[in-house]
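> Once you've had a glance at the structure underneath, I'll fire off some questions.
Bear in mind that the values in this text are calculations on the coordinates, not laboratory data. From a predicted model like this one, the values you see are computed outputs, not experimental measurements. So basically every Cβ, Gly included, is an ideal-geometry build from the backbone, and we count neighbours across all protein chains shown.
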Amino acid sequence: MPTYIPSPREWVREQVELYESSGGTKGTTLRDTGLPVIIVTHTGNKSGAVRKTPLMRVADGSRYVLVASQGGAPVNPVWVHNLRLHPNVEIRDLTVVKPMRAREVVDDAERARLWALCVAAFPPYAEYQKKTQRQIPVFVAE
Ligand code: F42
């Protein structure tokens, strides 16, 4: 079993810890927004370690849309590289945990349709995209 390496960011690490230790009944929203969060468990592209990343919950039917916004930072979050190399992930949505496969969305029309869902679920994504030069990567977990 590869080791789990928690996020170096304290608030992220603590959210994962609370979400998982409560079996998906606590720590399931983003701070004071009250908007739902999922936990994506994936594999480090260099370390091979288990990584856990909370993301906003954007549902498209039974699929999830994963948005690599990182608050509109200039560079992609590291988990983008992890998902590109190791697409098999596990997604926790509250009490339900499912193995899924993440695929980066490259088709413009598909991305446009999904982006509208993302912004509807979490309006700040639109601001984050304006803030950064990069096109924010979007994945579908299915
Ligand atoms: N981030 C988003 O991008 N989108 C969201 O919708 C989002 C929502 C959200 C909700 C709640 C919450 O608590 C956090 C939320 N975040 C959201 C933040 C998100 O959880 C991540 O912290 C953020 O996207 C940054 O991702 P990151 O993968 O860059 O994480 C950093 C902090 C990190 O963990 N870095 C590690 C480190 O040690 O510096 C590296 C982890 C890693 O994967 N390492 C690789 C490996 O092989 O293990 C190798 C490193 C390399 O260089 O390739």
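> For segment 116-130, how many residues are within 18 Å of the chain's Cα centre (by Cα) and either outside any helix (DSSP H, G or I) or away from the ligand (no atom under 14 Å from the Cβ) (or both)?
Of the residues in that region, 3 qualify.
> Among the residues of segment 71-83, write down those that are touching a residue at least 40 places away in the same chain (Cβ under 8 Å) and aliphatic (A, V, I, L, M).
A73, V75, V80, L83
> Among the residues of segment 16-47, count how many are of a type outside the set (S, T, Y), more than 8 Å from the ligand (Cβ to nearest atom), without any contact (Cβ under 8 Å) to a residue 24 or more places away in the chain and in a loop (DSSP other than H, G, I, E, B).
3
> Considering segment 59-96 alone, what residues qualify as being closer than 21 Å to Q135 by Cα and of a type in the set (D, E)?
The one that is closer than 21 Å to Q135 by Cα and of a type in the set (D, E): D60.
> Within the group R113, R101, R134, which residue is part of a helix (DSSP H, G or I) and of a type in the set (D, E, K, R)?
R113
> Follow-up. Look through segment 50-83, keep the residues that are assigned to a loop (DSSP other than H, G, I, E, B), aliphatic (A, V, I, L, M) and surrounded by 15 or more Cβ atoms within 10 Å (Cβ to Cβ), and return whichever of them is farthest from the ligand (Cβ to nearest atom).
This residue is V58.
> Just to be sure, is G27 within 20 Å of F122 (Cα to Cα), out of contact with any strand residue (DSSP E or B) (no Cβ under 7 Å at 6 or more places or on another chain) and surrounded by 15 or more Cβ atoms within 10 Å (Cβ to Cβ)?
Yes, satisfied.
> Report, ordered by the first and then the second residue, all pairs with beta carbons closer than 7 Å, sequence separation of six or more or different chains, a first member in segment 48-70 that is under 17 Å from T29 (Cβ atoms) and without any contact (Cβ under 8 Å) to a residue 60 or more places away in the chain, and a second member that is within 6 Å of the ligand (Cβ to nearest atom) and part of a strand (DSSP E or B).
P54/V37; L55/V37; L55/V67
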